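What follows is a short report on a single structure.
The values are calculated or read from the model by the stated rules, or taken from the named source; none is laboratory data. Fair warning: this is a prediction, and the values are worked out from it, not measured in the lab. Virtual Cβ from ideal backbone geometry, glycine too; neighbours counted across all protein chains shown. With ligands, DNA and RNA removed, areas are computed over all heavy atoms of the protein, side chains included. Shrake-Rupley method; radii C 1.70, N 1.55, O 1.52, S 1.80 Å.
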Amino acid sequence: MILSRRWLEAMLGRSLDPKDLEHRLSMLGTPVEAIIPHHQDLGDVLVARVLEVKRHPNADRLSLCLVDGGGAPVEVVCGAPNVTAGHTYPYAPVGAVLPGGLKLEKRKIRGVESNGMLCSAKELGLGADHAGIFELATDAAPGTRLLDALPLADDQIVIEVTANRPDLLCHKGVARELGASLSVPFRLVEIPGAAPVPAPERSASASGTVGGVQVRLEDTEGCPRYLAAVIRGVRVGPSPSWLALRLEAVGQRPINNVVDATNYILFEINQPLHAFDLAQLDGPAVVIRRAGVGERIVTLDGVERTLSPDMTAICDARRPTIVAGIMGSATSEVSANTRDLVLECAYFEPRRIRRTRRALGLSSESSYRFERGIDLHGMPEAMRRAIALIQAVAGGELTGPPLDLWPEPTQPRTIFLRPDRVSALLGTPVAREEIERHLSAIGFVTAPKDSRLAVQVPGWRPDVSREVDLVEEVARFMGYDTFPDELKPYRLGTVPDAPAERAKDRVRAALVGAGFYEARTFPLGPADGPDSVPVLNPMSAEEAHLRTRLLPGLIRRVEHNWAAHTRDVRLAEVGTVFRRGDPGTKGPVEWVSVAGVLTGGRRPAHWTEGAKVPDMDIWDLKYHFELAVGVSAPDATVSERGNAWEALAPDGSVVGWAGSLGADAPVWAAPLFGFEVRLEEAAPLPVSYRALPEHPAVERDLALILPAGVTASAVEQRLRRNALLEAVSVFDEYRGPAIPGDQRSVAWHLTFRDPTRTLRDGEVDEILARALKALEDELDVRRRAS
C-alpha cells in the first residue's frame, strides 16, 4: 500500500517527519517497506512570469519570451504555442537540474541565445502532456521555488498490510492509527466546492427505484448491501490539479474527473465505487444477481471472460456490465460523452470475491479490498462523500436521496472486556481509564457493564472478534517497548504436551546431539511419483504438489550449501509428508517423518591433523540411521537391502530407508547419504539415573612415551580396564629433545574414585603400577622420566 505523506499531514493537521512516521507505524505493527521521495527533484525550478512573447527571427515555429524569474529579465527560446504574456509558468534557469539529470546550460537556438527553459508538465514529471508549457495558477512572486508555491514535494510511504487489517488500505485508516499514537485528532480533508448531500434512504426490501433507475438485489448472499445514486448533467473532463496530484502521489494515473473521484474515495476511506454511464444501461436497471451458466463479459482490459453461477454479476436489464467487486466492462464505462451517472457503492462477500478473482485470474484494487472485507456500516457516509466530490469536480445534480438496499441489516459486534484480564495478560497493571482511552482513540465505543467494559467494534475492524484481540489493541498503543522486561513469577501449565509433540522433541534432541542442524523445508514441490497430491491453487508450477518425502527438500538444501562452498553438511528435519488416499477416501493421507542428510568430513578437524579428516561413508550413515530408528520407531529392526538399509516394523512393513543419494554436486563434494523414518508416537526411552558421588576423587597426571604406531586411543583403552578409573583425558603432547625422533610424549589426566569409600594414595599408586606394567608388556609404552 502506497501512502502520501502530504495526504496524511492534511488529515492530521500537522507536519510529519518520514523517519518518525516509519518508526511509529512499525511499532504499531505496520512495517514500512520504503520511503520514496516524490517530486523532490524540482528544487531548482522557479515560478516565472512571461513579460513579452515575440516571434523568433530565424524560425517560424519558435517564439522568443522575455521571462521574469526573480532577477533581471532574460530571453528564453520556446517552441510551445500556448505561452502568453502576463501568465505564470515553471522556469528552469541556467544551471538547474531537471528530473532525469538534465542540467541546463546557455545555448544558441537558431542563432539566438536561450537562458534556461520554460517547462511542460512532462518535463517536470507531473504528467504526460508535453505539447504545451505547464501554466501555473498561483499568486507566488516570480523567483519563488516551484516546490514552495505548489504542494508538489511529497514522500511515498510504502507499508506492508497484512490480510487481517483491511482498514490500513486507505489514508483514513493509517491517519486514525497515527492520530492515536500522536494524541491528535484526525479528519477528512475538506473538498473544495463541496455541497451538502442528503443521507441515503434505507430500504429493508431487495428492490427500489432511484432517479428513474430500477435496482434489484437478487443475490443477497453475495451482496448483502447495495447503495445507488443517480447524478444527471455531469461534465466529464480533466480533474482539477489538487485531485490529480493526490492520485499521482500514490502512484495512480489520473483518467477523468468522475473516475478520479471514485479512485480518490477508494484510497481515502477504503470504499471501492463504480460509476455507470446511465445512457448505456438497458432498462434502465441495475440488477445484482448470480451470473448465468456460460455468460460472457468483456472486461475493461479487453479480455472476454466466461462467468459461472457461483459468481456475482452487476447487470442491466439484459446483460452483465460488471464482474462484481472486480472489474467493469467497456459498455458502461464513463466517457467524455457521459452526461448522466449511476453511482454504485456495495459490499460483496469476501470469500465469493476471492473465489471469483482466482477463477478468472483477474485482480484489481477493488477486489484486493473486497476480499479482505470493507466497512459494511460505513457505506452511507462513503456514498455521500463520493457524491459531494463528483459534484464538486464534474458538476451535475443529484436526482434524489441515494437508495440503500439492506434486506437483512446487522449490528456492530459487541465484545465484553475485563480490565483485570488486560492486566493479567500483559503482565503489568493497566488502569480502566487507560484502556478506554486507547480503544476510543481508534474508533471503538466503550461503555461500562458491571465490572466489565462493553466494547462495540467498528465495521472497519473485522479482525477483532475476541476479548484477547482487544487486549492486543491496548498493548499496541501502550507501546510494546514500555512493558517491563524483568521476568516475573509465573505458574507452569498443567496440560501435558501431546504424545506426537513429545516424540518430535525426543527425535530432535537425539539428532542435534549427533551433530545435525535442524532444517525446515517447504512442504510444496514438484510431483514425486504417482502418489503425489496436487494442490488446487499452486503458487508456481514448480510447487504444485505436496511432498511425499522429506529427502528431496533436504537434498536441495545441501545443493544450496554446496553453492556457498560449504562441504561439510549435516541436516535433519521432522515434518509432515503426504500421499494420495485410497479410492473413495476424502483428502490425502499424512504422517510425520524424520529425515537426515550427511556429507563431508566425519568430524571437525583436530589441531594435530590439519585438514586431513576422512569423509563420512556408508557405515557412518548406518550409525545415524540406527540412531534415528531407535528414537523414532523403537520397535523396528534394521536390515540390509543391497547397498542400502531398511527399517522394518514388527508386522513386516517398511518404516524407514537409508542409502546413497544423487544430487547436483560439484567435483570437490563428498558422497551424499540420507535416511528417512516414519515417526511413531512411542513411549520415550527410559532415562538412567546416577547419584552424585559421596566420596572424594584421587587425581594423577601421567606422562608416557609412545613408540611409533601406538595411538593414544589404544593406550586409553588399556587404562580404562580398571573399574576405579572414573575419567581420563589427554592434556599434552610433546616431541623434541630427550624424546627419540620416532616417539612422542603424551600426558593424561586421570581421576580415580571408589563409590563406596575413600581411596588412599597407596591404593592408587598400586593401580598405576599394574597399569604401567601392562602397557609396557603389551604396547612397549613406558613412563616418561621427570
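Accessible surface of the chain, 1.4 Å probe: 51 percent of it comes from carbon and sulfur atoms. Under the convention that each Lys and Arg Cβ holds +1 and each Asp and Glu Cβ holds -1, the size of the dipole of the chain around its Cα centre is about 800 debye.
Measuring between alpha carbons in the structure, the pairs from Lys54/Lys103; Lys19/Lys488; Lys19/Lys172; Lys54/Lys122; Lys612/Lys773 lying more than 29 angstrom apart are Lys19/Lys488; Lys612/Lys773.
Among the listed values [x] 34.6; [y] 30.3; [z] 27.3, the one matching Kirkwood radius over Cα pairs in Å as calculated from this structure is [x].
Among the trypsin sites (Lys or Arg not before Pro) in region 440-470, those placed in a DSSP loop whose Cβ has at most 13 other Cβ atoms within 10 Å are Arg466. Cα gyration tensor of region 89-174, axes a ≥ b ≥ c as square roots of the eigenvalues: rounded (a/c below 1.5), prolate (a/b > b/c) or oblate? Cα axes put region 89-174 in the prolate bin. Per residue, the accessible area of the chain comes to 51 Å² when a 1.4 Å probe rolls over the protein heavy atoms.
Students often check this: by mean Cβ neighbours within 10 Å, which of 311-321, 627-637 ranks highest, and how do the rest follow?
For the peptides 311-321, 627-637, the packing ranking is 311-321, 627-637.
Estimated from helical segments only, the mean residue ellipticity of the chain at 222 nm is -7500 deg cm²/dmol, where each DSSP H run of four or more residues counts as -39500 (n - 2.57).
Please give the peptides 374-386, 518-530, 485-497 ranked by average Cβ packing (other Cβ atoms within 10 Å per residue), highest first, as a rough proxy for protection.
Highest-to-lowest ranking by the protection proxy: 374-386, 518-530, 485-497.
The Cβ shell under 13 Å around Asp277 holds other residues with a net charge of -3, Lys and Arg each +1, Asp and Glu each -1.
Placing unit charges on the Cβ atoms of the charged side chains and taking the dipole of region 388-459 about its Cα centre, the candidate lying farthest along the positive direction among Ile415, Thr428, Leu453 is Thr428. The packing ranking, built from the mean of other Cβ atoms within 10 Å per residue, places the peptides 142-148, 398-404 in the order 398-404, 142-148, highest first. Applying both filters, DSSP loop and at most 16 other Cβ atoms within 10 Å, to the GluC sites (Glu not before Pro) of region 163-253 gives Glu190, Glu218, Glu221. Hand me the trypsin sites (Lys or Arg not before Pro) from region 656-743 located in a DSSP loop with no more than 14 other Cβ atoms within 10 Å, in residue order please. Loop-located and lightly packed - Arg690, Arg720, Arg721, Arg735. Neighbours of Arg110 by Cβ distance under 13 Å: Lys/Arg scored +1, Asp/Glu scored -1, total +1.
Once C-alpha pairs closer than 8 Å and six or more residues apart are averaged by separation and normalised to the residue number of region 637-782, the relative contact order reads 21 percent.
Can you give the net charge of the other residues whose Cβ lies under 12 Å from the Cβ of Ala431, counting K and R as +1 and D and E as -1?
My count for the surroundings of Ala431 gives -2.
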